[in-house]
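The values are calculated or read from the model by the stated rules, or taken from the named source; none is laboratory data. Treat the numbers as computed from the prediction; the structure is a model and nothing was measured. Every residue, glycine as well, gets a Cβ built from its backbone with ideal geometry; the counts of neighbours run over all protein chains shown. With ligands, DNA and RNA removed, areas are computed over all heavy atoms of the protein, side chains included. Shrake-Rupley method; radii C 1.70, N 1.55, O 1.52, S 1.80 Å.
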Amino acid sequence: MRVVVSVGGSVLVPDLDSSRVAGYAAAVEQLLDAGHEVCVVVGGGATAREYIGAARELGANETELDHLGIAVTRLNARLLIAALDERAVSAPATDHGAARTALRRGDVPVMGGTEAGHTTDAVATALAEYVDADLLVYATSVPGVFDADPEADPEATKYSRIGVDDLVALVAEMDIDAGSNAPVDLLATKLLQRAGLRAVVLDGSDPEAVVAAVDGDHDGTDIEPR
Ligand code: UTP
């Protein structure tokens, strides 16, 4: 199976704990050893938010802040590369073309952000479409997709599966609600809708959950294409 994994920065490096990064590298290697092809897109997490917060106070504009965020995602991608064996690229791919070329060469592409104005979930979704992936795994800090923001609503219920059209509607509604935490951002869900890909949203704090999801076993939410 060809798999793209979008690992949130808050999942890969909630703090600078090398054992978590090593665990992710081991999970990727386990998938490779099982014969899967894997691409990984890494987010910026708390470090990106801290840099963005400081630069905002210094008067940076939104595009400058995005470029800072991208730099941090690539820093995190380098950390994962450091933990992976020689099957990984030696530096983060900076665009989808470079990632696909690496994949075709038989390497594991690892990348962070690409352009200003979106997130690594959108990068991962576009990459999954571009490489014709069989499965896209969003390894997030939440257990899946809920019918309401679980942080704000104790009655919120997790979907075990949801159609992509319903997901887009749900995330669009959450997006309007300032401060709410959508499990996947709106642009990524729209790209997913367009691509017709199979995807899973799960709690990625245990990297083994990603391996199990590729085998069809997870506690998160399946996102079903039209
Ligand atoms: P992330 O993808 O990490 O955003 O990008 P996030 O939603 O905070 O995800 P977690 O916390 O890692 O799970 C961090 C920031 O980098 C910029 C954006 O400003 C984003 O908010 N960025 C990232 C881009 O501008 N373009 C990209 O392709 C990626």
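The share of accessible area on region 47-144 that comes from carbon and sulfur is 50 percent, using a 1.4 angstrom probe. Measuring r between the beta carbons of E50 and A98 and using R0 = 22 Å, the FRET efficiency lands at 0.20. For A148, the residues whose amide H sits under 5 Å from its own are T157, ignoring neighbours fewer than 5 places away on the same chain, with H placed 1.01 Å from N.
Which is the longest run of the chain containing none of the GluC sites (Glu not before Pro) found in DSSP loop states (not H, G, I, E, B) with at most 14 other C-beta atoms within 10 Å? Numbers along the way, then the final one.
On the way: sites that count: E86, E115, E151, E155.
Answer - 1-85.
Rounded to the nearest whole Hz, the Karplus-based 3J(HN,Hα) values (6.51 cos²θ - 1.76 cosθ + 1.60, θ = phi - 60°) of region 138-143 follow the sequence 8, 8, 10, 9, 10, x, with x at glycine and proline.
Multiply the residue separation of N181 and D134 by 0.36 nm, subtract the distance between their alpha-carbon atoms, and state the gained length in nm to one decimal. If you can, show how the numbers build up before the last one.
Numbers: separation 47, 0.36 × 47 = 16.92 nm, distance 2.69 nm.
Extra length from N181 to D134 when fully extended: 14.2 nm.
A simple spin-label model places the labels of A22 and R226 4.7 nm from each other, with each point 7 Å out along Cα-to-Cβ.
Are there DSSP H segments in the chain that both extend 24 Å or more along their axis (alpha-carbon positions) and score a mean Kyte-Doolittle hydropathy of at least -0.5? List them, or say none.
Membrane-span-like by this rule: 62-83.
Backbone N atoms of region 105-120 closer than 16 Å to the 7 Å Cα→Cβ label point of A91 belong to residues 109-114.
In this calculation the C-beta distance from T157 to D33 is compared with R0 = 41 Å, giving a FRET efficiency of 0.65.
Note that the chain presents 47 Å² accessible area per residue, ligands and nucleic acids not counted, probe 1.4 Å.
Computed over the Cα atoms, what is the radius of gyration of the chain divided by 2.2 N^0.38 Å, N being its residue count? Could you put the intermediate results ahead of the total?
Values: Rg = 16.4 Å, N = 226, 2.2 N^0.38 = 17.3 Å.
Normalised Cα radius of gyration, the chain: 0.95.
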